[in-house]
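**Q** The structure's right below; bear with me while I get my questions together.
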Amino acid sequence: MRLPTLVKTAAAVTVTAAAGATVTDASSRWYQRLRKPTWQPPPVAFPLAWTPLYALIAVAGARVLDRTSEADRAAFTRAYALNLALNFGWSALFFKAQKPAVALAEIAALNASNFVLLRRASQTDRVAAVALAPYVAWTLFATALNGTIVRLNANR
């Protein structure tokens, strides 16, 4: 992995994380009033989980980009950019727009994008695939959480 590539993927991931943070307000009255499952982690768990996940996404992206041919690199770059846009999009739909059901549909697209990235990474670099696996797992957990929140608040 080359440093210039890592700087680029880290910058892209940092922009995504910062943008997501600007639209996420777990202390909002709307969010506080939602019914949530008993198994939802405490609010502090989310930044503690996302910080290393974003670092792993940046490292995995750099490893794949530095180990692919020009055509594959362009395709992976597009898939990576789409994934980061979907990552931000979930926060915007769930917290900013306050549309958990729409966010649930969007996170399904994010999961599909995650599996595309994981497949591409596994074809290129095993370490990159291992680095992406926690992100894929966490997003599947977030999907279950989002779905449960939609179900628990269906009559609201």
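**Q** Please identify the pairs in which a residue from region 69-97 that is farther than 24 Å from V150 by Cβ has its Cβ atom under 8 Å from the Cβ atom of a residue that is open to solvent by 20 Å² or more (accessible area, probe 1.4 Å) and of a type in the set (K, R), counting only partners at least 6 apart or on another chain.
**A** D72/R120; A75/R120; F76/R120; A79/R120
**Q** Further, regarding this structure: Would you call L86 aliphatic (A, V, I, L, M), out of contact with any Leu (no Cβ under 8 Å at 6 or more places or on another chain) and surrounded by 15 or more Cβ atoms within 10 Å (Cβ to Cβ)?
**A** It is false that L86 is aliphatic (A, V, I, L, M), out of contact with any Leu (no Cβ under 8 Å at 6 or more places or on another chain) and surrounded by 15 or more Cβ atoms within 10 Å (Cβ to Cβ).
**Q** Those residues that are in contact (Cβ under 8 Å) with a residue 12 or more places away in the chain and open to solvent by 50 Å² or more (accessible area, probe 1.4 Å), I need them from region 105-115; list them, please.
**A** A108, F115
**Q** Name the residue that is surrounded by the most Cβ atoms within 10 Å (Cβ to Cβ), counting only residues in region 91-104 that are aliphatic (A, V, I, L, M) and in a helix (DSSP H, G or I).
**A** A103
**Q** Mind listing just one residue for me: the one in region 119-156 that is outside any helix (DSSP H, G or I) and over 18 Å from L93 (Cα atoms) and, of those, least open to solvent (accessible area, probe 1.4 Å)?
**A** D125
**Q** Would you mention how many residues in region 43-65 are modelled with pLDDT of 95 or more, aromatic (F, W, Y) and open to solvent by 40 Å² or more (accessible area, probe 1.4 Å)?
**A** Here the count works out to 1.
**Q** Among the listed residues T68, T16, T5, T9, which satisfies the condition of being in contact with an Asp or Glu (Cβ under 6 Å, 6 or more places away or on another chain), of a type in the set (V, I, T) and open to solvent by less than 50 Å² (accessible area, probe 1.4 Å)?
**A** T5
**Q** Further, regarding this structure: Is there a residue in region 20-42 that is open to solvent by less than 50 Å² (accessible area, probe 1.4 Å), at pLDDT 95 or above, small (G, A, S) and closer than 30 Å to R63 by Cα?
**A** Yes; the residues of region 20-42 include at least one that is open to solvent by less than 50 Å² (accessible area, probe 1.4 Å), at pLDDT 95 or above, small (G, A, S) and closer than 30 Å to R63 by Cα.
**Q** Among the listed residues A129, A105, identify the single one that is more than 18 Å from Y54 (Cα to Cα) and at pLDDT 95 or above.
**A** Selected residue: A105, the only one of A129, A105 that is more than 18 Å from Y54 (Cα to Cα) and at pLDDT 95 or above.
**Q** Sticking with this one: Is at least one residue of region 11-26 part of a loop (DSSP other than H, G, I, E, B), of a type outside the set (F, W, Y), in contact (Cβ under 8 Å) with a residue 12 or more places away in the chain and under 16 Å from L145 (Cβ atoms)?
**A** Within region 11-26 (the criterion being part of a loop (DSSP other than H, G, I, E, B), of a type outside the set (F, W, Y), in contact (Cβ under 8 Å) with a residue 12 or more places away in the chain and under 16 Å from L145 (Cβ atoms)), the answer is yes, since at least one residue qualifies.
**Q** Let me ask something else about it. Yes or no: region 41-51 includes at least one residue that is part of a loop (DSSP other than H, G, I, E, B) and among the aromatic types (F, W, Y).
**A** No, region 41-51 contains no residue that is part of a loop (DSSP other than H, G, I, E, B) and among the aromatic types (F, W, Y).
The values are calculated or read from the model by the stated rules, or taken from the named source; none is laboratory data. Please read these numbers as outputs of a predicted model, since none were measured by experiment. Because the Cβ atoms are built from the backbone with ideal geometry, glycine has one as well, and the counts that use them run over all protein chains shown. Quick note on the areas: whole protein, heavy atoms, side chains included, nothing else; ligands and nucleic acids left out. Shrake-Rupley method; radii C 1.70, N 1.55, O 1.52, S 1.80 Å.
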